1. Specify which of the listed residues (88, 119, 104, 110) is buried (at least 17 other Cβ atoms within 10 Å of the Cβ) and over 20 Å from residue 163 (Cα atoms).
2. For residues in segment 122-131 being in contact (Cβ under 8 Å) with a residue 24 or more places away in the chain and over 12 Å from residue 169 (Cβ atoms), which is surrounded by the most Cβ atoms within 10 Å (Cβ to Cβ)?
3. For segment 42-58, what are the residues that are surrounded by 15 or more Cβ atoms within 10 Å (Cβ to Cβ) and either under 15 Å from residue 84 (Cα atoms) or without any contact (Cβ under 8 Å) to a residue 12 or more places away in the chain (or both)?
4. Going by the conditions given, is residue 115 assigned to a helix (DSSP H, G or I) and closer than 18 Å to residue 19 by Cα?
5. Does residue 118 satisfy being within 17 Å of residue 84 (Cβ to Cβ) and touching a strand residue (DSSP E or B) at 6+ places or on another chain (Cβ under 7 Å)?
6. Does residue 93 satisfy the criteria of being farther than 16 Å from residue 118 by Cβ, in contact with a helix residue (DSSP H, G or I) (Cβ under 8 Å, 6 or more places away or on another chain), surrounded by fewer than 20 Cβ atoms within 10 Å (Cβ to Cβ) and modelled with pLDDT of 95 or more?
7. For segment 138-159, check the following and say yes or no: at least one residue is touching a residue at least 60 places away in the same chain (Cβ under 8 Å) and assigned to a loop (DSSP other than H, G, I, E, B).
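The values are calculated or read from the model by the stated rules, or taken from the named source; none is laboratory data. Owing to the predicted nature of the structure, the values given are computational and were not obtained by experimental measurement. Cβ coordinates were reconstructed from backbone atoms using ideal geometry, including for glycine residues, and neighbour counts include every protein chain displayed.
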């Protein structure tokens, strides 16, 4: 008989497999892309002018400038996203990566980031750059696990985001 006083670790929800679609952005995704990003930014920091500019016009501010947006859709519902912003030939910035609050903790962020990295390679990227915040420990850990390395201060360019204080790069 099991001892009722012994604490057992909570079971983690099963990782996504069936019902998950990772795909390029479609015009009808604009609202979900904005909503998903606004939710996490507001929770942790507060929207900045550059956020509003990008989120209100992802097609003009990302896609039309040579970038890409990828969506994670679970059972037909947008559940996460990640963008590649074109910086210069062969170099993209990983940006606007998030997973819906109720979908976190099951590896969806890892899946969409890995998908984004693979798509960048297929696009001929030689490196990826990202900016984040030191309070986002799980995100920084994930980036490092997928091969991103911290940039030394002398290689960091000024960010349009006040919240950015961690800068990383993945070289292929």
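1. Answer to the selection: 119.
2. Filtering segment 122-131 for residues that are in contact (Cβ under 8 Å) with a residue 24 or more places away in the chain and over 12 Å from residue 169 (Cβ atoms), the one surrounded by the most Cβ atoms within 10 Å (Cβ to Cβ) comes out as 123.
3. 51, 54, 55, 58
4. Criteria met by residue 115.
5. Here the answer is no, as residue 118 does not meet what is asked.
6. No: the conditions fail for residue 93.
7. Looking for residues that are touching a residue at least 60 places away in the same chain (Cβ under 8 Å) and assigned to a loop (DSSP other than H, G, I, E, B), one finds none in segment 138-159, hence no.
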